1. Need the failing condition index for LYS103 against (1) free of Cβ contacts under 8 Å to residues at least 24 places away in the same chain; (2) out of contact with any Phe, Trp or Tyr (no Cβ under 9 Å at 6 or more places or on another chain); (3) not assigned by TED's automatic domain parsing to the domain that holds LEU25, just the number.
2. Pull up segment 24-47, narrow it to residues that are in a helix (DSSP H, G or I) and among the β-branched types (Val, Ile, Thr), then point me to the one that is modelled with the lowest pLDDT.
3. What's the total number of residues in segment 234-291 that are farther than 30 Å from TYR164 by Cα, among the polar types (S, T, N, Q) and part of a loop (DSSP other than H, G, I, E, B)?
4. Looking at LYS333, LYS349, LYS308, which one is within 37 Å of the chain's Cα centre (by Cα), loosely packed, with under 15 Cβ neighbours inside 10 Å, of a type in the set (Lys, Arg) and over 24 Å from SER376 (Cα atoms)?
5. How many of the residues making up segment 63-73 are touching a residue at least 40 places away in the same chain (Cβ under 8 Å) and either touching a strand residue (DSSP E or B) at 6+ places or on another chain (Cβ under 7 Å) or surrounded by fewer than 17 Cβ atoms within 10 Å (Cβ to Cβ) (or both)?
6. Take the conditions assigned to a loop (DSSP other than H, G, I, E, B), in contact (Cβ under 8 Å) with a residue 24 or more places away in the chain, assigned by TED's automatic domain parsing to the domain that holds GLN321 and of a type outside the set (Val, Ile, Thr) and apply them to GLY170. Does it pass?
7. For segment 221-240, which positions are crowded, with 21+ Cβ neighbours inside 10 Å and in contact (Cβ under 8 Å) with a residue 60 or more places away in the chain?
Amino acid sequence: MGRQKPSKPGTRKYGTKTRYSNDTLQKILEEITTGRIGQREAARKYNIPRQTIVNKLKNKHSCKVGRATVFTEIKERSFVQHCITVSDMGVPISIFDLRCIVKSYLDTCNRKVSCFADNMPGWEWGKAFLERHHSELSQKFTVNISRKHAAVNEDIISTFFLKYKDEIEGVPAENIFNFDETGFHDIPAKGKLLFRRTCRHPEKIENTSKSCFTVMFCGNAAGEFLPPYLIFKGKQKWTDWIYNAPPGTRMNSSDSVWMEQGVFDDWFETHFLPFALKKEGRRVIIGDNLSSHISIRTLELCEQNNIKFICLPPNATHLLQPLDVAYFSSLKKNWRDVLSQWRKTPEGKKKQCLPKGTFSGLLAKTLQLGEQTASSNLVKGFEKCGLCPVNCDRVLQCLPDYARNESSVMGSVGAEFKKIFGDNKTIRSECEVCQKVQVAHRTREECVYRRC
C-alpha cells in the first residue's frame, strides 16, 4: 500500500452532535416558559434531546465545554495587546512569531507545558487563540511600504497644509490641477481558472512581454481631464503611433521611456499651458517633487502666466496625489481587461510585443471603458487628499497610528508583555501547595492544576 498523505492540521471541534445554535435554543426556552409549547413537543419539533431542554431550564451545564486554557485570561490579554501594539507600529507579527514569543515566555518562567512539544505551542493553539480573540485580532494580507513612505508623519502633513492653504486661497476648483505619469505594462489580467486538482504548475498559453509605455495624465478638481500625453521609447517619432489615440493626444519619445526634463518641458508648454490659459484667474498645478518635473523653463512659464507650481512632500504621493489615490487603480484594472481581450484576437496571438500603434488604440478603449466614473473619481480624489476643499484632518485620519502619535506608541511597545516577565521575577517559581514548577501564582484561578 502507498503511503497515506498527512491531513492538514485543524482545531478540534467540540459539540458536533448538536444540530442547533444557541440562538435557536434560547428561542425554544422562551416558548416553553411562556407556555406556547411543551417540552416533549419542542424536543420532537426541533430534534433536541428533552434532557438538554430540562438542563437548560434548570440552568445546569452552563459552563464552557472543554478543558481549561493553558494561560489565564489576563495573560492572554497581554499577548493580544502585544500583537496590537507592534502592528500599530507597522511591524506586525505572524502566528508563528506569536508561538515563538509564547515559547520564550514559558522558558523564561521555567514552566513546562505537557501539551506543547518542547514548550512550543502548536499550529492548533495559534488558530484557537485567534478564535478566542476574533473581535480584536484578525489575519490579513499586508501591503509593503518603504521606510521612506512610513517616515511621513503628522508634522510633515500639517506643515504642508499650513502653506498650501495660503497659496490656494481664492482659487476656484477648475483652476486647481494635478498631474502625474504612470506606466502601462504588457501584462494581461490574471484570474482563477479551472485545472486538474493534482496540477502543480497551472499555466496559460498567452503572449506577454516586458514592454512598458508611459502616459502623463492631468486633471482639475472640477473633474476635467486633459487629453493624455504618450511617451514612447526611441529617438524618432512617427505619427501613425497615435492614429487611434483619444482626440487631442500628443506624444514624445525618450531613450528610457520615462519622464525626462526635456519631455516634461514640452508637455507643460505645448500641452498643459494652452488648456490652462483658457481658465480665468490664478491657477495652481500640483505634482510630486521629481527632479525632471522642475526646470528653469517651466518655472519661468509659471511666473509669466500667473500659475503657482506646488510640489508635494517627498514620499507622500500615496496620501496627497489625487490621481494616485482615486483614479489610477480603476484605470489599470480596465487596462488589464482590455489587454487580455486583445491578446485573444488573431493579431494578439501572433504578436509577441505590443506594437506602439496598437497601444494607443487600446488606451482609447480603456479610457472609454471608465469614462462614466472618471470625472467623479477625480473629484473624490481631491476631496480625499484634502486639496479641494482644503481639509488637513481628512489626510491625518489616513495615517497609521505610528505616524500620528509616534512617541506614545514607541513607549508602549510590548508594555503589557514586558510586565508579565517583570512580575514573575518577584514571585515564587514553584507552587507550595501543588508542588509543581510552573508559572508562579497567587490565587487558585492562576494555578493551572487548580489545587491551591
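The values are calculated or read from the model by the stated rules, or taken from the named source; none is laboratory data. These numbers come from a predicted model, not from an experiment. Please note: Cβ atoms are built from the backbone with ideal geometry, for glycine as well, and neighbour counts cover all protein chains shown.
1. Of (1) free of Cβ contacts under 8 Å to residues at least 24 places away in the same chain; (2) out of contact with any Phe, Trp or Tyr (no Cβ under 9 Å at 6 or more places or on another chain); (3) not assigned by TED's automatic domain parsing to the domain that holds LEU25, only one is false for LYS103: (2).
2. Initially, segment 24-47 is screened for residues in a helix (DSSP H, G or I), giving 24-33, 39-46.
Remaining after also requiring among the β-branched types (Val, Ile, Thr): 24, 28, 32-33.
Values: THR24: 81, ILE28: 86, ILE32: 88, THR33: 87.
Ranking the qualifying residues of segment 24-47, first place goes to THR24.
3. 4
4. LYS349
5. Our first condition is that a residue be touching a residue at least 40 places away in the same chain (Cβ under 8 Å); within segment 63-73, this holds for 65-66, 68-70, 72.
Filter once more, so that each one left must be either touching a strand residue (DSSP E or B) at 6+ places or on another chain (Cβ under 7 Å) or surrounded by fewer than 17 Cβ atoms within 10 Å (Cβ to Cβ) (or both): 65-66, 68-69.
Total meeting the criteria: 4.
6. yes
7. ALA221, PRO228, LEU230, listed by residue number.
Residue-wise test of (1) under 26 Å from LYS356 (Cβ atoms); (2) modelled with pLDDT under 90.
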{"site": "ALA221", "(1), (2)": "no, no"}
{"site": "PHE225", "(1), (2)": "yes, no"}
{"site": "ASN244", "(1), (2)": "yes, yes"}
{"site": "GLY248", "(1), (2)": "yes, no"}
{"site": "VAL257", "(1), (2)": "yes, yes"}
{"site": "LEU277", "(1), (2)": "no, no"}
{"site": "ASN289", "(1), (2)": "no, yes"}
{"site": "GLN304", "(1), (2)": "no, no"}
{"site": "PHE309", "(1), (2)": "no, no"}
